[in-house]
1. Cβ-Cβ distance below 6 Å, separation of 6 or more or different chains: which pairs start in the stretch 77-100 with a residue that is within 12 Å of L17 (Cα to Cα) and end on one that is assigned to a loop (DSSP other than H, G, I, E, B)?
2. Can you pull out every residue in the stretch 39-77 that is in contact with a Lys or Arg (Cβ under 7 Å, 6 or more places away or on another chain), small (G, A, S) and under 24 Å from G87 (Cβ atoms)?
3. For residues that are of a type in the set (D, E, K, R) and either part of a strand (DSSP E or B) or in contact with a strand residue (DSSP E or B) (Cβ under 7 Å, 6 or more places away or on another chain) (or both), scanning just the stretch 79-119, find the one that is farthest from R62 (Cα to Cα).
4. Considering only the stretch 84-107, I want to know if a residue exists there that is among the aromatic types (F, W, Y) and either farther than 20 Å from P9 by Cα or modelled with pLDDT under 95 (or both).
5. Scan the stretch 18-39 and tell me whether some residue there is of a type in the set (D, E, K, R) and closer than 14 Å to V109 by Cα.
6. Name the residues in the stretch 5-49 that are in contact with a Gly (Cβ under 7 Å, 6 or more places away or on another chain) and free of Cβ contacts under 8 Å to residues at least 40 places away in the same chain, would you?
7. How many residues are in contact with a strand residue (DSSP E or B) (Cβ under 6 Å, 6 or more places away or on another chain) and either more than 14 Å from P97 (Cα to Cα) or of a type in the set (A, V, I, L, M) (or both) when one looks only at the stretch 24-43?
8. Do we find that V74 is of a type outside the set (D, E, K, R), part of a loop (DSSP other than H, G, I, E, B) and free of Cβ contacts under 8 Å to residues at least 40 places away in the same chain in this structure?
Amino acid sequence: MSEPIEVKPMWRRAGGLALVCEKCLNVRFPEDFPEHAGDERLKLREWLKDRLKAEGHWGAVRATGTTCLDVCAVGRVTVLIDPVGRGGEQKCLVFDPLEDRELIYATIVRELAPQESPV
């Protein structure tokens, strides 16, 4: 058996990860608010990925889904922010997945995107 090989992707060198709880979006929120079951806005991870790519942050910043983070705040989605590439502290935040989409995006960029050097 071979040994694992450590790799350092861009998000480890320069930015970080945003882990979006898929159980909050796919199970908990629709259970709490059945009128929103199937709402396209609950495809938050996909929206974040597309937006990060469109605005040039993808690579250094990754938004990915994860299984339950055991926070389960009613009417909220849990997002773990891990600024591993920036040397910061992890933050576990809860947001309204429908009303706070722009705030989620802004928080991820603020906490994870590499700082631009002053010219």
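1. Within 6 Å, the pairs are D82/Q90; G85/A14; G85/G15.
2. Residue satisfying the conditions is A63 alone.
3. Going residue by residue through the stretch 79-119, those that are of a type in the set (D, E, K, R) are 82, 86, 89, 91, 96, 99-102, 110-111, 116.
Imposing the further condition that a residue be either part of a strand (DSSP E or B) or in contact with a strand residue (DSSP E or B) (Cβ under 7 Å, 6 or more places away or on another chain) (or both) reduces the set to 82, 86, 91, 111.
Values: D82: 10, R86: 13, K91: 15, E111: 12 Å.
In this case the residue turns out to be K91.
4. Yes - at least one qualifying residue is present in the stretch 84-107.
5. Looking only at the stretch 18-39, we keep the residues that are of a type in the set (D, E, K, R), and these are 22-23, 28, 31-32, 35, 39.
Pick out the ones that are also closer than 14 Å to V109 by Cα and you get none.
No, the stretch 18-39 has no match at all.
6. Hit for the stretch 5-49 is R45, nothing else.
7. Adding up the residues that qualify gives 1.
8. Answer is no for this residue.
The values are calculated or read from the model by the stated rules, or taken from the named source; none is laboratory data. Everything numeric here is computed off the predicted structure, so don't read it as measured data. Cβ atoms come from the backbone with ideal geometry, glycine included; neighbour counts cover every protein chain shown.
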